1. Considering only residues of region 79-100 that are within 13 Å of the chain's Cα centre (by Cα) and charged (D, E, K, R), which is surrounded by the fewest Cβ atoms within 10 Å (Cβ to Cβ)?
2. From the list D48, D69, exactly one residue is assigned to a loop (DSSP other than H, G, I, E, B) and at pLDDT below 90. Which is it?
3. Given the residues R76, R103, which is the only one that is among the charged types (D, E, K, R), under 8 Å from the mean Cα position of the chain (by Cα), crowded, with 19+ Cβ neighbours inside 10 Å and outside any loop (DSSP other than H, G, I, E, B)?
4. Within region 79-100, how many residues are among the hydroxyl-bearing types (S, T, Y) and outside any loop (DSSP other than H, G, I, E, B)?
5. If you go through region 35-58, how many residues are surrounded by fewer than 16 Cβ atoms within 10 Å (Cβ to Cβ) and farther than 17 Å from F108 by Cα?
Amino acid sequence: MRRLVITAVLCSLVGAASVARAAEGGNAKAGHDLALRLCTPCHIVSPDQEFAPTFTGPPDFHSIAGRPDTTTKSLRKFLATTHTTLSNPKNMPNPQLTDDQTRDIARFIMSLRDKH
């Protein structure tokens, strides 16, 4: 009986962690792979990227993850709205990401917070 209770408690803890991750959304591995393809011209995405950024100035993904105000929600909003316009030519170009891609990249960036 005691073993059954311990197993039930462990399963509920694992389930709660899974629900929290699902609520946050996204796949960090898919986000990492996508960011390596799309974001490296301007950002240092991770140590395994093949080339250094062409442009200087945009923050690296570890710095973005380490900001106290960075959240999954703020990243998703930023990726969906902050883009180059005639009045703001230095903003990030529109990556034209799907919702799933935006969630994946945001999840990847948030995963870097644990590695700070």
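1. Applying the filter and picking the extreme gives D99.
2. Working: D69 fails: at pLDDT below 90.
Going through D48, D69 in turn, just one is assigned to a loop (DSSP other than H, G, I, E, B) and at pLDDT below 90: D48.
3. Details: R76 fails: under 8 Å from the mean Cα position of the chain (by Cα).
Criteria check complete, one pass: R103.
4. Filtering region 79-100 for residues among the hydroxyl-bearing types (S, T, Y) gives 81-82, 84-85, 87, 98.
Going one step further and asking which of them are outside any loop (DSSP other than H, G, I, E, B), we end up with 81.
Total meeting the criteria: 1.
5. Summing the residues that are surrounded by fewer than 16 Cβ atoms within 10 Å (Cβ to Cβ) and farther than 17 Å from F108 by Cα in region 35-58 gives 8.
The values are calculated or read from the model by the stated rules, or taken from the named source; none is laboratory data. Bear in mind the structure is a predicted one, so any value in this text is a computation, not a measurement. Note that we place each Cβ from the backbone using ideal geometry, even for glycine, and neighbour counts take in every protein chain shown.
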